[in-house]
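Here is the structure we will look at.
The values are calculated or read from the model by the stated rules, or taken from the named source; none is laboratory data. Computed from a predicted structure; not experimentally measured. In this analysis, Cβ positions are derived from the backbone assuming ideal geometry, glycine residues included, and neighbour counts consider all displayed protein chains.
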Amino acid sequence: SVLSVSGERSYYDKLLGGLLADGFDEGSCRSRYQSAMYRRRPGRQPSAHLASKLRQQEALQRRCGPGTAAYSNALEQLRSGKSAASPECKYLVSISYRGLGNRILAAASAFLYVLLTDRVLLVDPSNEMGELFCEPFPDTTWLLPPGFPLASYTNFSISTAESYGNMLRSKAIRTDVGDVPAARLPVFSYVHLDHDATEQDKFFFCDEDQRVLRNVPWLVMRTDSYIVPGLFLVTGFQEELGRLFPELDAVFHHIGRYLFHPNNHVWGLVTRYYDAYLATAQRRVGIQVRVFGSQPNSPELLEQITKCAQKERLLPELLAAAEHGVPGPRRNTKAVLVTSLKSWYYEKLKGMYWEHAAATGEAVSVHQPSHEEFQRFGAKSHDAKAWAEIYLLSLTDELVTTAWSTFGYVAQGLGGLRPWVLYRPDNDTHVPDPPCGRDVSMDPCFHAPPFYDCRLKRGADTGKIVPQVQHCIDMSWGLKIV
Ligand code: GDP
């Protein structure tokens, strides 16, 4: 228990209902066990099955991870290019790239896939993946060590000969000949699930392809998407997914809180900001304004944000300039956290609530931690701020996000929040009506799903195959779990 600012004793469950393992050194990663203290809402409870599966995975990562005899043997196989009849351990190397939201969703997807297929997860440390998070598994590392034998793996792309899709095309792998013994399969395959993936690459989401991939000891996966809704299309995974996640919409909520702990530097950014600007307000509203560096400031977008927030009663209406609000020291307080590459939206909102009284009498404060102006790649302090801001958004009570943005998806998932999504305007001079809509679930949207029915072997609307996978409200062809 801790004493809160107001002196009342509050209790929090630092292991998040068994989601997190006990016994980590707390000082090396303060966020891991302190995060529960910063969340007003307790979050969803993981199933007992998920908790025990996570402990099993941790044991697997320790038994097979870098530094073990099993890992050396597996590397030796990879070098020799020959599959063993029954390899001790199987691996998935996950390459995350693009913006931070994309990278987090990619690693989360890879993790769920290894849980379902008894593989060891190793994350490529480039693109800051090795610099923003704590180690998720006790007594081992999830980072792929230097010297990996597939020297050019970070350049694997749609045209790599060893991609699963290209191997199907060249008939190096066949799915139409029944069970292929492991010794006749390649020792590794590259799973290309990027936004430009081909139909063959996306056969990854079919049962018979999964039966083949099961026997390939090394997989390297590159994606910039949240592929989890696609995994729900694989019949062979459905029962286990149902047991792991009785509340289906909470898949990323659990996996994200399990895997992604801000390191001590980022946690300092999160907690100092929260304590100084957000902690004492009675309500916190997060507004994620995803803009691009080259876009001019948009009065239409500002109007869309205020219309949305006021219509949905997230922010109070304003009184006319001459009218006065209810005076007195005991008014309710609301803190608004704006995140954006630009400061213009924040300044306008702040000005509005300074120059006008709120119709509800609330005192509204508006805050923005940073405005980086342009999206940058490979810049450490830039990524640390982005991660801190995603995390701060997840600590709010109500959230407004921008359509299509993986930055917002991660915040909503970690926070267990079903956001109000600012619809994407058809053109820039038109404010969408309605300006926003309540998302159907907190789980992220898969932007590049397959459009193929594996059983019928023809194109299909994959939003209509299983009831738990539907199209997203912010991207009509995307898929999400509801
Ligand atoms: P998406 O492009 O909206 O799907 O989100 P990503 O996180 O994948 O990529 C956007 C990147 O731009 C982020 O990772 C940041 O580097 C930067 N960025 C965008 N919006 C913000 C913001 O509000 N705050 C900060 N600090 N960075 C941002």
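Pick from 179, 194, 209: which is within 16 Å of the ligand (Cβ to nearest atom), in contact (Cβ under 8 Å) with a residue 12 or more places away in the chain and surrounded by fewer than 23 Cβ atoms within 10 Å (Cβ to Cβ)? Give the derivation first.
Values: 179 fails: within 16 Å of the ligand (Cβ to nearest atom); 209 fails: within 16 Å of the ligand (Cβ to nearest atom).
Going through 179, 194, 209 in turn, just one is within 16 Å of the ligand (Cβ to nearest atom), in contact (Cβ under 8 Å) with a residue 12 or more places away in the chain and surrounded by fewer than 23 Cβ atoms within 10 Å (Cβ to Cβ): 194.
Would you pick out the residues in region 27-62 that are of a type in the set (S, T, N, Q) and in a helix (DSSP H, G or I)?
If we filter region 27-62 for residues that are of a type in the set (S, T, N, Q), which is where we start, we get 28, 31, 34-35, 45, 47, 52, 56-57, 61.
Of everything in region 27-62, those that are of a type in the set (S, T, N, Q) and in a helix (DSSP H, G or I) turn out to be 31, 34, 35, 52, 56, 57, 61.
For region 101-157, how many residues are within 16 Å of the ligand (Cβ to nearest atom), part of a loop (DSSP other than H, G, I, E, B) and buried (at least 20 other Cβ atoms within 10 Å of the Cβ)?
Here the count works out to 4.
Yes or no: region 330-337 includes at least one residue that is in contact with a Phe, Trp or Tyr (Cβ under 9 Å, 6 or more places away or on another chain) and over 30 Å from residue 15 (Cα atoms).
No; the residues of region 330-337 include none that is in contact with a Phe, Trp or Tyr (Cβ under 9 Å, 6 or more places away or on another chain) and over 30 Å from residue 15 (Cα atoms).
Residue under question is residue 448, and the condition is that it be in a loop (DSSP other than H, G, I, E, B), within 16 Å of the ligand (Cβ to nearest atom) and either among the charged types (D, E, K, R) or in contact (Cβ under 8 Å) with a residue 60 or more places away in the chain (or both); does it hold?
Values: in a loop (DSSP other than H, G, I, E, B): yes; within 16 Å of the ligand (Cβ to nearest atom): yes; either among the charged types (D, E, K, R) or in contact (Cβ under 8 Å) with a residue 60 or more places away in the chain (or both): yes.
Yes.
Please list, ordered by first then second residue, the pairs with beta carbon atoms under 9 Å, 6 or more apart or interchain, first in region 367-384 and assigned by TED's automatic domain parsing to the domain that holds residue 285 and on the phi > 0 side of the Ramachandran plot, second more than 8 Å from the ligand (Cβ to nearest atom) and part of a loop (DSSP other than H, G, I, E, B).
If the second residue must be more than 8 Å from the ligand (Cβ to nearest atom) and part of a loop (DSSP other than H, G, I, E, B), the pairs left are 373/293; 373/342; 373/343; 378/126; 378/127; 378/128.
In this structure, is residue 423 aromatic (Phe, Trp, Tyr), in contact (Cβ under 8 Å) with a residue 12 or more places away in the chain, surrounded by fewer than 24 Cβ atoms within 10 Å (Cβ to Cβ) and more than 10 Å from the ligand (Cβ to nearest atom)? Walk me through how you get there before you give the answer.
Values: aromatic (Phe, Trp, Tyr): yes; in contact (Cβ under 8 Å) with a residue 12 or more places away in the chain: yes; surrounded by fewer than 24 Cβ atoms within 10 Å (Cβ to Cβ): yes; more than 10 Å from the ligand (Cβ to nearest atom): yes.
Taking the combined requirement at face value, the residue satisfies it.
On the basis of being at pLDDT 95 or above, farther than 21 Å from residue 438 by Cα, assigned by TED's automatic domain parsing to the domain that holds residue 438 and among the charged types (D, E, K, R), does residue 307 make the cut?
Numbers: at pLDDT 95 or above: yes; farther than 21 Å from residue 438 by Cα: no; assigned by TED's automatic domain parsing to the domain that holds residue 438: yes; among the charged types (D, E, K, R): yes.
Considered against the rule, which asks whether it is at pLDDT 95 or above, farther than 21 Å from residue 438 by Cα, assigned by TED's automatic domain parsing to the domain that holds residue 438 and among the charged types (D, E, K, R), residue 307 comes out as no.
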